[in-house]
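Peer 1: Okay, handing you the structure first.
The values are calculated or read from the model by the stated rules, or taken from the named source; none is laboratory data. The structure presented is a predicted model; accordingly, all values stated were derived computationally and were not measured. Neighbour counts are summed over all protein chains in view; Cβ atoms, including those assigned to glycine, are modelled from backbone coordinates with ideal geometry.
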Amino acid sequence: MNSILPKLKNGFKNNEMIKESILKLIDKLSLNNHLLKDEYLMIFDNITFEETTYLYQKAYEAKIPYYQNRVFLRALIEISNYCKMGCKYCGINSSSNSIKRYRLSVDEILECCRLGFSLGYKTFVLQGGEDSFYTDDVLIEIISKIKLENPNTRVTLSIGERSKESYQKLYTAGADRYLLRHETASKRLYNYLHPNYMSFENRRECLENLKEIGFQVGAGFMVGTPTQTNDDLVEDLLYLKKLNPHMIGIGPYLCHEDTELRGNISGTLDQTLVMVALTRLTLPKVLLPATTALGTVDMTGREKGLKAGANVIMPNISPSENKKLYEIYQNKICTVDSSDLDKDNLESKVNSVGHVIDLGVGDYVDIERMVESDR
Ligand code: 5AD
C-alpha cells in the first residue's frame, strides 16, 4: 500500500469526534469551494470508507447546478506512441524499447474523425506522445481539415509541451481545447518522476500560456505515484484552485513493468475517487472525466467516478490495431474489446448510475464560444 490516504482501507473506523470533524470539513468545502492546507490534510490523513459516502453525495450534488446529471462524451484518438520525453511512469516514454512504435497519418486521423462523427461525437481529442513528426504545419492541416469537414465540433489537443508561438498557431487554426496534465504540483515529486531535462516550471508555464491564448485548458494529476504523500495531494488541490482550469483529468497511477518505476504499488480506485470528489467540491464548474485509468483499476470505476462528481467519458475510437500499442500503462480497458464504440452499451452503463449522455459539444459552463468567423 502507498502512504496516501492511510485510513482508506478495510477495517478502519474513526471515533465520533474525528468523523464529525471530517463531515464538517466536507460541508465547509461544499459551501466555500475552498479549504486551508491543514483542513485538506485533516481529511486526507483521516478519511475512512464511512465518510466517503457523504463525500461522494456532496460531490455529485455540486455538479448538478451546472451540468445536471449529464455526461459529455469525447472521442479519443491516440495519434502516436512516439515520444521524446522520459516520464518515468509512462510505458511509451522514449527509453522504452519493448513497444512497437506507430503514428497515424493525416488521412488516418481524418478517417477516425469521420467514424467518430458518424457515431455522433462532437469533440475529437487528438492525444499522443511528444512526436516531432507533428510539426505546426502538419497539425494545422489536421485541425483545419477536421473543422472544415465537421464545423460544429470541438478539437482538443493532448500532445505535450510546445512553445507559446506553436500553441497560438494551433489555436488560430481552430483547436479549441488543450489537455496537459500538470502531473503533480509538488516540485519534489515532479523531479522524482521525471528526468533532469524535464522542467516543473516549464510545464506550468505551458498551462499559463494555453490559458492566456484562449484554449479551454485541462490540467490533472495521478493518484498513488511512488513516494507521493498527502502533502503532495494538498498541493495539487491548491494549485488547481489557483490555476482554475476548465478540465481536470485524475487517474490512479498504474505501475508499468517495463518502466524505471517497475515493482511499485499502483494507486487504488478509492484513493482516486476521493480525489475526484474533493476536486469537484473545490472547482464545482470543472469538466471532470471519469478516466480510462479509473475504468482499468475497477470494472465499474468510471461509473463510480460519475457518482463521485465526474461528468465526462472519453471513449477510445483509435484504430483497434493501434489501441494496444498505446500502452501508457498495462491492461488498459477497451484495447481488446471495442465496447465503448457500441454507444448503446456505453449509454446503459451511464444510465445504470442515474446519468444521461449529452451529445453536445460540452463546453465549460461559462464559455460563450466565439463563432468560427470571429477567430
Ligand atoms: N499510470 C497512470 N497514468 C499514466 N499516465 C502516464 N503513464 C501512466 C501510468 N503508468 C497519465 C499521465 C499522462 C496521461 C496522458 O496519462 O498523467 O499525462
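Peer 1: Identify the residue in the range 296-332 that is away from the ligand (no atom under 14 Å from the Cβ) and closer than 22 Å to Arg262 by Cβ and, among all such residues, is surrounded by the fewest Cβ atoms within 10 Å (Cβ to Cβ).
Peer 2: Lys324
Peer 1: Looking at Leu281, Leu254, Leu233, Leu237 in this structure, which one is more than 10 Å from the ligand (Cβ to nearest atom), among the hydrophobic types (A, V, I, L, M, F, W, C) and within 15 Å of the chain's Cα centre (by Cα)? Full working, then the answer.
Peer 2: Details: Leu281 fails: within 15 Å of the chain's Cα centre (by Cα); Leu254 fails: more than 10 Å from the ligand (Cβ to nearest atom); Leu233 fails: within 15 Å of the chain's Cα centre (by Cα).
Criteria check complete, one pass: Leu237.
Peer 1: Could you check how many residues of the range 257-271 are within 10 Å of the ligand (Cβ to nearest atom) and β-branched (Val, Ile, Thr)?
Peer 2: 1
Peer 1: Hey, Val138 hits all of (1) in a loop (DSSP other than H, G, I, E, B); (2) more than 16 Å from the ligand (Cβ to nearest atom); (3) at pLDDT 95 or above but one; which does it fall short on?
Peer 2: (1)
Peer 1: Hey, could you check the range 39-75 for residues that are polar (S, T, N, Q) and in a helix (DSSP H, G or I) and say which is farthest from Glu303 (Cα to Cα)?
Peer 2: Asn46
Peer 1: Based on what the data block shows, is Asp45 acidic (Asp, Glu) and touching a Pro at 6+ places or on another chain (Cβ under 9 Å)? Steps first, please.
Peer 2: Values: acidic (Asp, Glu): yes; touching a Pro at 6+ places or on another chain (Cβ under 9 Å): yes.
Here the answer is yes, as Asp45 does meet what is asked.
Peer 1: Taking Gly120, is it surrounded by fewer than 20 Cβ atoms within 10 Å (Cβ to Cβ), within 23 Å of the chain's Cα centre (by Cα) and either not aliphatic (A, V, I, L, M) or not in a loop (DSSP other than H, G, I, E, B) (or both)? Write out each step before concluding.
Peer 2: On the way: surrounded by fewer than 20 Cβ atoms within 10 Å (Cβ to Cβ): yes; within 23 Å of the chain's Cα centre (by Cα): yes; either not aliphatic (A, V, I, L, M) or not in a loop (DSSP other than H, G, I, E, B) (or both): yes.
In short, yes.
Peer 1: Now for a separate question. With the requirement that a residue be within 12 Å of the ligand (Cβ to nearest atom) and surrounded by 20 or more Cβ atoms within 10 Å (Cβ to Cβ), what does the range 208-227 give you? First the steps, then the outcome.
Peer 2: Taking the range 208-227 as the starting set, the residues that turn out to be within 12 Å of the ligand (Cβ to nearest atom) are 218-226.
Residues satisfying the conditions are Gly218, Ala219, Gly220, Phe221, Met222, Val223, Gly224, Thr225.
Peer 1: Also: Within the range 240-251, how many residues turn out to be among the aliphatic types (A, V, I, L, M) and more than 15 Å from the ligand (Cβ to nearest atom)?
Peer 2: The first filter runs over the range 240-251 and keeps only residues among the aliphatic types (A, V, I, L, M), leaving 240, 243, 247-248, 250.
With the extra rule that they be more than 15 Å from the ligand (Cβ to nearest atom), the set shrinks to 243.
Residues that pass the stated criteria total 1.
Peer 1: Another question about this same structure. If you take the residues in the range 169-202 that are surrounded by 22 or more Cβ atoms within 10 Å (Cβ to Cβ), part of a helix (DSSP H, G or I) and touching a residue at least 40 places away in the same chain (Cβ under 8 Å), which one is nearest to the ligand (Cβ to nearest atom)?
Peer 2: Of everything passing the filter in the range 169-202, Leu193 is nearest to the ligand (Cβ to nearest atom).
Peer 1: Within the range 78-100, which residues are among the basic types (Lys, Arg), surrounded by fewer than 17 Cβ atoms within 10 Å (Cβ to Cβ) and within 16 Å of the ligand (Cβ to nearest atom)? Break it down into steps so the answer makes sense when it comes.
Peer 2: First pass over the range 78-100, keeping only residues among the basic types (Lys, Arg): 84, 88, 100.
Next, only the ones that are surrounded by fewer than 17 Cβ atoms within 10 Å (Cβ to Cβ) stay: 84, 100.
Scanning the range 78-100 gives a single hit, Lys84.
Peer 1: Against the conditions (1) over 19 Å from Gln271 (Cα atoms); (2) outside any helix (DSSP H, G or I); (3) not small (Gly, Ala, Ser), where does Asn14 fall short? Just the number, please.
Peer 2: Single failed check for Asn14: (1).
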